[in-house]
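If you scroll down you'll find the structure; I have some questions about it.
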Amino acid sequence: MLNRMSEVETRARTVLVTGASRGIGEATARYFLDRGWSVAAAMRTPGASHLAPSNRLRLYEMDVTSAPSVTAAVEAAIADFGRIDVVVNNAGLCLVGALEEMTEADDRLIMDTNVLGAMRVSRAVLPHMRACGGGRIINVSSVCGQMTLPLYSAYCASKWALEGFAESLAFETRRSGIKVKIVQPAVHKTGSFAGQIAGRAARTAHPDHAAFSDGVLQRMAAVERSAPGPEAVAKAIHHAATDRWPRLRYPVGSRGILLARRMMPSALFVRVVRRILNAW
């Protein structure tokens, strides 16, 4: 019995991180690895990753919009590491633009990735975690999970939905010793904003929104340039993975604005956001 307890205590815990090829996902994989964890880094294109595989870090191909892909990656990670203690639902997509510049296909892809993707991964790991006697599912939301920004209507909708999903799931999994957490980053410098701008440039601009959009995006670019890197978010995710306090949400650089969102009258808060982003 003592030998078995010692084996459990010394075994490296395993975290599965989705969307681990860059940005917050890559920083999270590195942060956990540096702290002795085994890391299953899941991504659509492992060949493009800057992460170097080792005995404690392995790369898995996973497209969260495909249930077979999710199942295959989860099963492979369990086979390689023996178990998964923590899942970080980080894979996400953000397309920027006025609603009339976006297509229904754009909207569907955002929801499929940001919401249904997290559901697919959670559904795939829950039986395993239950059999292991517990685990944690950490959902990377956003400051946009409880407030909104112009030009991000589909993205905001997906993050509000993700938070609703996570909060509801927490009720269901508590009896099995599986804790659900939500991490809420504000703007961080991850390189994703450049991709958002490039994606918008590839679409046809709506004439009624062109000047408004350009003004807002200039302000957003300034915010992004002065933002911290993704390491702060990785640290918060690790905290959520190890915290013993029964806490659901972990703001990262967003505590002040989310508090203002709750405390200020809605009309006043919207006016403040409009002024900050030149959204007149």
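All of the numbers you see were taken from the coordinates with simple rules; none came from a lab. Every value quoted in this text rests on a predicted model; they were computed, and no experiment measured them. Please note: Cβ atoms are built from the backbone with ideal geometry, for glycine as well, and neighbour counts cover all protein chains shown.
Excluding THR204 itself, what net charge comes from residues whose Cβ is under 12 Å from its Cβ, given Lys and Arg +1 and Asp and Glu -1? Numbers along the way, then the final one.
Working: positive: ARG200, ARG203; negative: GLU100, GLU101.
Residues near THR204 contribute 0 overall.
Using the Cβ atoms and a cut-off under 13 Å, what net charge is assigned to the surroundings of VAL187, where Lys and Arg are +1 and Asp and Glu are -1? Numbers along the way, then the final one.
Values: positive: LYS189, ARG219, ARG225; negative: GLU224.
Taking every Cβ under 13 Å from that of VAL187, the sum is +2.
For the stretch 73-90, take each phi angle, set θ = phi - 60°, evaluate the Karplus expression 6.51 cos²θ - 1.76 cosθ + 1.60, and give the result in whole Hz per residue in order, putting x for glycine and proline.
Each residue of the stretch 73-90 in turn: 5, 5, 5, 5, 5, 5, 4, 6, 9, x, 6, 10, 8, 9, 10, 10, 7, 9 Hz.
Sticking with this one: Quote the charge dipole size of the stretch 11-277 about the Cα centre in Debye, to the nearest 20; the model charges only the Cβ of Lys and Arg (+1) and of Asp and Glu (-1). List each step's numbers first, then the result.
Working: 34 positive and 21 negative charges, 243 e Å.
Dipole size: approximately 1160 debye.
Along the stretch 208-223, what does the Karplus equation 6.51 cos²θ - 1.76 cosθ + 1.60 (θ = phi - 60°) give for ³J(HN,Hα), rounded to whole Hz, x for Gly and Pro?
So the J values, rounded to whole Hz, are 6, 10, 4, 5, 4, 5, 4, x, 5, 5, 5, 5, 4, 5, 5, 4.
What fraction of the DSSP beta bridges in the chain is antiparallel, stated in percent and rounded to the nearest 5? Could the numbers behind the result be given before it?
Values: 0 of 26 bridges.
Close to 0 percent.
Something else now. Here are labelled values, (i) 26.5, 91; (ii) 19.7, 61; (iii) 19.3, 72, and one is the computed Rg and Dmax of the Cα atoms in Å for what I pasted. Which one?
Label (iii) holds the value from this structure.
To make sure I understand, if each residue's beta carbon is the centre and we count other beta carbons within 10 Å, what order do VAL88, VAL223 fall in, fewest to most? Don't skip to the answer; put the middle values down first.
Values: VAL88 31, VAL223 14.
Taking fewest neighbouring Cβ atoms as first place, the list is VAL223, VAL88.
For GLU61, what charge total do you get from the other residues with a beta carbon under 14 Å from its beta carbon, if Lys and Arg give +1 and Asp and Glu give -1?
Values: positive: ARG44, ARG58; negative: ASP63, GLU75, ASP80.
Here the charged neighbours net out to -1.
With θ set to phi - 60° and the Karplus curve 6.51 cos²θ - 1.76 cosθ + 1.60, what are the ³J(HN,Hα) couplings of the stretch 172-186 in order, to the nearest whole Hz, using x for Gly and Pro?
Ordered by residue, 3J(HN,Hα) equals 6, 9, 4, 5, 9, x, 9, 9, 10, 10, 10, 9, 10, x, 7 Hz.
Mind checking which aspartates and glutamates have their Cα closer than 13 Å to the Cα of LYS179? Skip sequence neighbours fewer than 8 apart in that chain.
ASP85, GLU167, ASP243
How many angstrom lie between the C-alpha centres of the stretch 32-52 and the stretch 139-216?
That distance is 23 Å.
Using mean Cβ contacts within 10 Å as the protection proxy, how do 12-21, 263-272 order, highest first?
Numbers: 12-21: 25.3, 263-272: 11.2.
In descending order of packing, they fall as 12-21, 263-272.
Further question on the same structure: What is the Å³ per residue value for the convex hull set by the Cα atoms of the stretch 144-251?
Values: hull volume 12.1 nm³, N = 108.
Normalising the Cα hull of the stretch 144-251 by residue number yields 112 Å³.
When you count, for each residue, the other Cβ atoms within 10 Å and take the mean per peptide, how do 28-40, 183-195, 137-149, 204-216 rank with the highest first? Mind showing how you got there, number by number?
Numbers: 28-40: 21.5, 183-195: 19.3, 137-149: 23.8, 204-216: 13.8.
Those peptides, ordered most packed to least, come out 137-149, 28-40, 183-195, 204-216.
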